[in-house]
Structures are given as C-alpha cells and as structure tokens.
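Some notes on the structure that comes next.
The values are calculated or read from the model by the stated rules, or taken from the named source; none is laboratory data. The shown structure was predicted, so the numbers you read here are calculated from the model rather than taken from an experiment. Ideal geometry is used to build each Cβ from the backbone, glycine not excepted, and the neighbour counts take in all protein chains shown. These area figures cover heavy atoms from the full protein model, side chains too; ligands, DNA and RNA do not enter into them. Shrake-Rupley method; radii C 1.70, N 1.55, O 1.52, S 1.80 Å.
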Amino acid sequence: MPPRASKRKSAPPNSSSVTSSDGRSVSNKAKTKGMDKIDRLFNTYANSSLGVIDPEGIEALCSDLGVDYTDVRILMLAWKLKAEKQGYFTQDEWQTGLKALGVDSLTKLKKALPELEKEVEEPSNYEDFYIYAFQYCLTEEKQKSVDIESICELLNLVLGVQFRPQVDSLVEYLKVQNDYKVINADQWINFLRFCKEQISFPDLENYDATQAWPLILDNFVEWMREKQS
Amino acid sequence: MSAQKKKAFQIEAFKHRVVVDPKYAEKTWKILEHAIHEIYNHNASGLSFEELYRNAYNMVLHKFGEKLYSGLVTTMTSHLKAISSSIEAAQGGLFLDELNRKWAEHNKAMQMIRDILMYMDRTFIPNTHKTPVHELGLNLWRDVVIHSSAVQTRLQAILLENVRRERSGEVIDRGLMRSISKMLMDLGPSVYQDDFEKHFLEVSADFYRLESQDFIESCDCGEYLKKAERRLNEEIERVSHYLDAKSEVKITNVVEKEMIENHMHRLVQMENSGLVNMIVDEKYEDLGRMYCLFRRVPNGLVLVRDVMTSYIRDTGKQLVTDPERLKDPVDFVQHLLDLKDKYDKIITSAFSNDKTFQNALNSSFEYFMNLNSRSPEFISLFVDDKLRKGLRGVTEEDVELVLDKVMMLFRYLQEKDVFEKYYKQHLAKRLLSGKTVSEDAERSLIVKLKTECGYQFTSKLEGMFTDMKTSQDTMQGFSARHGADIADGPMLSVQVLTTGSWPTQPITTCNLPAEIRGMCEKFRNYYLGTHTGRRLSWQTNMGTADLKATFGKGQKHELNVSTYQMCVLMLFNNADRLSYKEIEQPTEIPASDLKRCLQSLACVKGKNVLRKEPMSKDIADTDTFLFNDKFTSKFFKVKIGTVAAQRESEPENQETRQRVEEDRKPQIEAAIVRIMKARRVLDHNNIVAEVTKQLQSRFLPNPVVIKKRIESLIEREFLERDKGDRKLYRYLA
C-alpha cells in the first residue's frame, strides 16, 4: 500500500486522556477502559486536526510495528479495518478493526499480524481481500479503473507469494502491451480466477480462448505462447 | 334295392360288381406305363385319354396310389436319362438346340401325363405330401438332365461363351438363349442363379475388368465414358432380350463397378481430358455423360462435385487476388458474372440441375468472393457503371436480368454493410449529378435489396430518392415565387438533402462568388420561410456548375465543373494570372481539395483551361496559374468536373473500413443486449453464436470484437459475470 507521505514522524507521547462519565457499571467501565486504550493508540498516530490517521501516521505505525509500509500486511490490516480511503484510518474503522482483532495495544497488534495473515488466506476471505485490494486503489470519486503501474505492484503484493510465476509473466506482459492503459474490476477479478483455475503454467495447455476470459487474458496467453515458440 | 317299411326313403350308391383281381394293380400300371412310353415317343395320338384317366383313377381309388406314383417316377427318370444322353451327344453348337427341343417336348409330355394322372394329383399326392406331377417333372428334369455332370458344365460353358461372343460383336441366337434361360427360371430361381447367373456375373466382372483396364490406358476420358455407356446399354438390352429381368440390376452393378467405380479417380483427374478440362472447354455432352454414369456408383457424384468445387474455388481465388484483374472493378465483376453463368449452364445442361451441385457452386462463390475485402465496393461500382451508362437503351426485361444477376453476387457477400456504404456513396453521386440512365432501374434494384435485406437496409436509400423529388418541387416553388427577380442572374438549381439519409460528408465551406452568394441567400430565405426550424448548410464539395467561357480566339465553350472549380475560374474574370495563394485566400477552399481542383483544371490534357507555371505535374504552394487563352477542344461542352465514382485509393479504403468497423460496434452491442435481455443468463459461446446469427445478414462479426463489446457492456454495467460460474453472463436490468 503506497502511502502518500514519505518522511517519518516520531511517535507523539501517550498524553491524551479519555473522558469518562461517573456512575457507569463495571463492565461498561471495563469496556470503556478497553476503548480507552484503543482510542489512545489511535490518537498516537492520528492527525489531530483531521481527526484521522493520515499517511504519515500510518507510516509511523508501520515503523513501530516493524513492518515496511509497502508490506502486504498493512493492506490486510486495512482490509480488516474495512478502511474506505487509501492512506487513512478513521476512528470508527480503527475501533471496529482493533476490536475485531481483539487487540488494544501496539504489542498485541504486532502479535496479531501473523494470525491476520492466516485469516486472509482462508479461501472464504481471500477473494474478498483480493477485491478489496483493488477497490482500495480507487482513490477518486467515480474512478473505475486503476493504472497499469499500480496494478503491477498490487499483483506482486497480493498474489506474488502464492502465484509467483504467473504474476511475474503477467506483470511483464502488462508492461509491454499497449491495448490497455488501465485495468477495471472485471479484469482484476479474472486475474485471480486465472491463477486459481489451475491453468497449467507456463505451457497454458488447458487455456481455452473461446471461453469467457477477458480479452486481456486471451492476449496475454497468446503473447506467452509466442514467447515460448 | 332293398326297401324297408316305415323307414325314410333312402338312396344308395350304385355298386359295381367289383372285380377283385390280384393282378389288377399290376395290369393297370402296365397300361399306364405303356402310355407314358408312347407319350415320350411322340405316339400319343393313339391313346385314349378317357381310358387312361379311368385307369389312373381306379388305381388311386383302390389304394394303389403309391405304386402309381413310384412307377411314374421310375419311368420318367429312365426316359429322362435317355434324353440326357442324347443331349450330351449333340455336337458343339447343336447342344443348346437339342436341349431346348427336348425341354419343349418334355413339357408337352408332362402336361399330358399330368392330365391323365389328375386324380392322383388332386387326392393322393396332397394326402401323402408328395410332390405334384408338374413339379415332379421339373425336378426330375433338373436333377437328371440339367444337373447331370456333363450337361451341367457344358451348358454353363456354352451360355457364357455365347455371351462373350456377343460382347465381342458376334451375332448369336437370342431366341434360343431366351428359351434356355426361361427354362432355368422355370426350374427354380436358385437353378437360374446357381447354374447360370452367378457365373455370368463373375465372368462379366473379369471381362469388364480387363476391358476397362485396356480402355483406360488407351482412351481419353470422354471416349472412355462413351465406351462405358455403350457397354452399360448393351447389358441392359441383353437382359431385356434373353435374361431374367432381375439380372439387370446385378449386371449393371458389375459394369458400374468395374468400368466406373474402379477408375473413378483416374477418369476425373485425367490430364487434358478429365473433368476440369471438360469444364474449361464446355463439353456439355461429355459432362452430362459423366454425370449420368457417376450417379450410378456410390460417391461418384461426390467425387465429381468435390473436384468441381475445388476447381471453382481455385480459379475464383486466382481471379480475386490477381492485381491485374482488380485494376478495373467493372471488368472484374463482369468476370464474376461470366464465371457464374458458365457454371450455371453446366449445371443446368449437363448436371440435370442437381441441387447439390448448385449448393456447391454457391458455397464456392461465397468462399472466394469474400477473400477479397473489396468485393462489396467493386460490386457497387459495377452497378454504378451499369446505371450510369451500361444499361442505356437496354430493354426492361434485360435490365431486370442484369440486376438479378448482380443480386446473386450480392447474396454471396458476407459484408453486406460495406456494400451498403459504398452503394450509398455511389448512388448519391449518381443522383446529384443527374447521371442515372433509368430511374426505374434504380428503383427496381432498391426493391430487390429490400426484399433481400429488409426495410432497414433501404430506408435511407429511399430517402435519397425522396429528397430529389422534393427538391424538384421546391425549385418549382422557388422559381414561381422569385421567377422575375432571378431571371437575370445565374440559373440556380438546388437539391436539399436530409442529413442522415445521405452519406456523411466532412463539413466544408468555401467562399462563393458574389453573384452566386446572392442567389443562394434568396433560396435559403425562401426555403426557411416555408420550413421553419430547419438548418441549411451548403455542401460546396458536392455541387456542379456550368460556365460559359470565351477563349483567346473567340472560341466559346461550355465548361461543366465542380463548385470549387467554378470558384477558382470565376476569379479569372478579374485577372489573367493568379498565384496559388491568391486563389486560396479569397476562395478559402481547403488545401487538399484546392490542389486536386487546380490539378484537374491545369494539368489534364484536353481540359487545361488554365496554365500552370512551372509546368510540373504536382501543385505547389508557389505555383502561378494563368488563364489559358489557347485552350481548344473538339467539343463545345467540356466536362472538367469531378469524375464518376471510382475505386477508392488505399488510404480512402482504409478510412472507409474503419468507419464500417466503428458502425459495427453499436450493432453488435445492440444484438448482445437484445439477446441477453431475452435469455437473462447465457454462456460465452452461445452469445457469440447468437450474435453471429442475428447479424449475419449484414456482416460476419469477429468473435474478438464481440468479446470486447461484452467487456465494454460489463464495464457499463449492462451485464455482469455470474458470481458462481465465471463462464456465464447475466443481464442486469
């Protein structure tokens, strides 16, 4: 996930306090206390004037988690948080997300990352995550497609581990072809299906161009076959 | 007669006094035996039928039927043995004769014997399930005479030898042969078959095998077929004369197989005389013969048809890819028509109008005509030529004939929408220049196109005709109104074209000469006065003008020019010499059009009303133009205007192609949406098939283009992919 800001910002001290009204029940207090911690963590990274964690904050979070900000796990975190806008976490998203993860501190969050990875890789979630990754890149209103550069990076990030050879070839192709300058959601989802449907790679024997694959994949397969001959 | 009192009156049979003679049977038999002898010795006249009958009757009655029957068998057998020997003794040619005679005699004898023994035949024999007399006679004849080893072999050999002799041209006794073969048939179909027919067929097969081998080495295809036909007819005749009718199909099969089927391929492909040569040389008789003969063998016609088809395809392909031929589109199409005529004639006169051949011809034409992507354009140019001048003075029927033939070619086109585009362009030119030979012919063709392709195809074309008509009326109204005040100025004739019906033109304007401008304004006001809410734009690139020009020595000519050319020439009313820029500026004609225009005015021999300095072929911005005082022409009227429709240059062709492709996209999308709306969910292959089917009357859509359109529709959320099965598309309401 490419955040906007490039410079690091040191984490501000844990100084903000959370107000709570008196006369609450114990469990509520516990909850609020938990909420407190989450909120406090939020405020550590949030941009106080905007009231949200902005790219700088995210970068700081990354560094504290010991994770590169281009690491796929941050994208997974965004997915878990159901973050709507790329490079930003709202307070609501933060709260809901961290609660879902069952963490309320930085250390716990760090520990939860491997589990999050496993969760994402579950078949029932994976496609959802994959689609989310694309939509996360639609930064403008009414934007429907993503430029080739970003798609290539995204493919690497999201599919690279599981489908390395396919991704490498596909990325190479996307960069050399000039039929398409952007990729839309339909094409995006079909990249995953292409990898998942066990099209034999790299010979692509069982690929059938008369089936309903998007044209870009037909062209990709043709390009591969020409390369191999 | 005994009578009994009080009993009913009875009648009893009259009883003979039965003579119980122990030797009765033997004596009676001897009488009959003697009779049989006499019969066989042609001495029957002395016998009493009644007495013999009675004797036989009595024997059977007194239960001596068995003795009678077995006696009959023995006697006949011994007689037949003697007969057999006598036949065997006959020499050479007399064998058959003797056999035939003896057979006739035997039959007569049998009849008599049967008559005598009729009672036994009717009672004893059925009761004991023995063979009836007549049949017995036949069987005995068969077993004793015919199947006696000597007779059997000799009979067969002689029969076959006779056939062989007849085949080599000798005359044989057909009557005799007929009798013999009838005899064999009478003895039982299996006798005829086993004793004669089987061997006849075998021997014939050998005979024809050899003969066909000989012929094929020495004859050309036509001759061979003649010979084969002759042999076939001979055999049919032979059967009708002296063989059993059922043998006909068997022997003809033999001939067909040996003479035709076994040499099919060699005949058809024979160099210098095979099928292709016959077609090229239009040997209708030979072709007809080949058709008739090959029809008789399995796959014979398939072979002929296939060879013909590949020949047509090859020649057709050559025709459409030959650059020389393609230089003249009208000539090219004429060649296509001639080719079609040629094959139609062959199929009608030699191939008895066989539908499968007609289909093969159609598919071949469809195949090679569409190999050349310019076929639609060329056909339109051909029609243009005909409607412009080719059909001048031709009778109405003949016009219809030509147009029908053109329609035939049109039907073969896969890209009918390309034809439509060109046809529209060419028609526009014809209508606007008034250069159509017969409006009836034009209309007739439109009707034919409508019948073929539907109302949509021709609605715009019809619109063009309507516009012309309406414009005439408009002009009448205009002259009526403004008649007086325009009488002095140049004569204006306006055609008002409805955008959308006419081929799209790039928007061009130029500055018209003042005199013209005034007139145009008057017209515009007149028109808009009666048609409010409309917008008129002058199409200066489509008009023509007639100019009266006077040259140096006073020669007067009438120049027929385009509007652009008129603008240029009018400038020379005020100057004898003008530079390119001095022409470009006031007229504001676009550069490429201006260059073309000046070229036709200054660089074409016989039409050079202007002179150019320098005298180079091409127009340069730096050129100067002078009024050509010395212009001469044989004709009073000189036509310098834009010429008739021509085949497009390569770049123009590319452009038209592109426009056609662009036009096809929405049509494909509309088809996809229509189909998906009806079916709701459909897989990819089926969509492609359905779309192709829906559009095939206009053009053959490219599956890749269809896929692209589908994806575009997905992006615009008209369709989506099914969430479960990626291969299905779903209509989004």
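Numbers for the structure displayed
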{"item": "Helical contribution to [θ] at 222 nm, DSSP H n ≥ 4, -39,500 (n - 2.57), averaged over chain B, rounded to 500", "result": "-20500 deg cm²/dmol"}
{"item": "Exceeding the 22 Å Cα-Cα cut-off - candidates B:LYS553/B:LYS637; B:LYS389/B:LYS460; B:LYS429/B:LYS637", "result": "B:LYS389/B:LYS460"}
{"item": "Percent breakdown of C-alpha pair distances by 10 Å bin, ordered from the shortest bin, for the protein assembly as shown", "result": "2, 8, 10, 10, 10, 10, 10, 9, 8, 7, 6, 5, 4, 2, 1, 0, 0"}
{"item": "Cβ-based net charge around A:LYS175, under 15 Å, with every Lys or Arg adding one and every Asp or Glu removing one", "result": "-4"}
{"item": "Amide H partners (placed H, <5 Å) of B:LEU728, local residues excluded", "result": "B:ASP722"}
{"item": "Accessible area (Å², per residue) of the range B:226-352, counting only protein heavy atoms and a probe of 1.4 Å", "result": "47"}
{"item": "For the range B:161-170, Karplus couplings with θ = phi - 60° (6.51, -1.76, 1.60), whole Hz, Gly/Pro x", "result": "5, 4, 4, 4, 4, 5, 5, 8, x, 6"}
{"item": "Amide proton proximity set for B:VAL638, modelled H, under 5 Å, gap of 5+", "result": "B:GLU558, B:LEU559, B:ASN560"}
{"item": "Amide H within-cut-off set for B:ASP623, under 5 Å, with H built and near neighbours excluded", "result": "B:TYR580"}
{"item": "Pairs of alpha carbons in the range B:17-110 whose separation is greater than 14 Å (percent)", "result": "70"}
{"item": "Close Lys-Lys pairs in the range B:2-146, where close means Cα under 16 Å and separation is 8 or more or interchain", "result": "8"}
{"item": "Net +/- balance of residues flanking B:VAL681 in space, Cβ distance below 12 Å, scoring K and R +1, D and E -1", "result": "+3"}
{"item": "Rounded to 10°, Cα long-axis angle of helix B:174-186 versus longest principal axis of chain B", "result": "70"}
{"item": "Efficiency of FRET between A:LYS82 and A:GLU149 - r from beta-carbon atoms, R0 25 angstrom, step 0.05", "result": "0.45"}
{"item": "Using a Förster distance of 30 Å, the FRET efficiency for B:VAL704-B:ARG730 (Cβ separation, nearest 0.05)", "result": "0.85"}
{"item": "Solution diffusion estimate, µm²/s, Stokes-Einstein, the range B:413-544, Kirkwood Rh from C-alpha pairs, 25 °C, viscosity 0.890 mPa s", "result": "149"}
{"item": "Listed residues B:GLY554, B:VAL568, B:SER616: farthest to the positive end of the dipole of the range B:544-639 (Cβ charges)", "result": "B:GLY554"}
{"item": "15 Å cut-off, amide nitrogen to a point 7 angstrom out along B:ARG209 Cα→Cβ, residues in the range B:224-261", "result": "B:254-261"}
{"item": "At least 30 Å² of accessible area lost relative to the chain alone, listed for the range A:170-192 with a 1.4 Å probe", "result": "A:ASN184, A:ASP186"}
{"item": "With eigenvalues of the C-alpha gyration tensor scaled by 5 and rooted, the range B:149-278, Å", "result": "32, 13, 13"}
{"item": "Threshold 40 Å², the range A:195-210 residues less accessible with all protein chains present than alone (1.4 Å probe)", "result": "A:THR210"}
{"item": "For the range B:544-639, size of Cβ-based charge dipole, Lys and Arg +1, Asp and Glu -1, in debye", "result": "620"}
{"item": "Kirkwood Rh and Cα Rg combined as Rg over Rh, evaluated for the range B:402-487", "result": "1.11"}
{"item": "Residue-wise HN-Hα coupling along the range B:31-46, computed from phi with Karplus coefficients 6.51, -1.76, 1.60 (Hz; x: Gly, Pro)", "result": "4, 5, 4, 4, 4, 4, 3, 4, 4, 5, 9, 6, 10, 6, 4, x"}
{"item": "In nm, spacing of pseudo-spin labels at B:THR348 and B:GLU324 (7 Å Cα→C-beta vector)", "result": "3.1"}
{"item": "Coordinate range along principal axes, alpha carbons of chain B, Å, largest first", "result": "155, 74, 59"}
{"item": "Spin-label model distance (nm) - B:GLU26 vs B:LYS460, 7 Å beyond Cα toward Cβ", "result": "12.0"}
{"item": "Residue-by-residue Karplus 3J(HN,Hα) for the range B:69-75, coefficients 6.51, -1.76, 1.60, Hz, glycine and proline x", "result": "5, 5, x, 4, 4, 4, 4"}
{"item": "Unit charges at the beta carbon, dipole of the range B:2-146: most positive-side option, B:PRO126, B:SER70, B:GLY46", "result": "B:PRO126"}
{"item": "Extension gain, B:ALA591 back to B:ARG266 (0.36 nm per residue minus Cα-Cα distance, nm)", "result": "110.4 nm"}
{"item": "Environment charge of B:ARG388, counting only residues whose C-beta is closer than 12 Å and scoring Lys/Arg +1, Asp/Glu -1", "result": "+3"}
{"item": "Förster radius 25 Å - calculated FRET efficiency between A:ASP208 and B:ARG680 (Cβ-Cβ, nearest 0.05)", "result": "0.55"}
{"item": "Dipole moment magnitude, nearest 20 debye, the range B:494-584 about Cα centre, only Lys, Arg, Asp, Glu C-beta charged", "result": "160"}
{"item": "Rough spin-label spacing in nm, given labels placed 7 Å along Cα→Cβ, for B:GLU135 and B:ASP485", "result": "11.9"}
{"item": "For the range A:32-89 and the range B:128-150, distance of Cα centres in Å", "result": "118"}
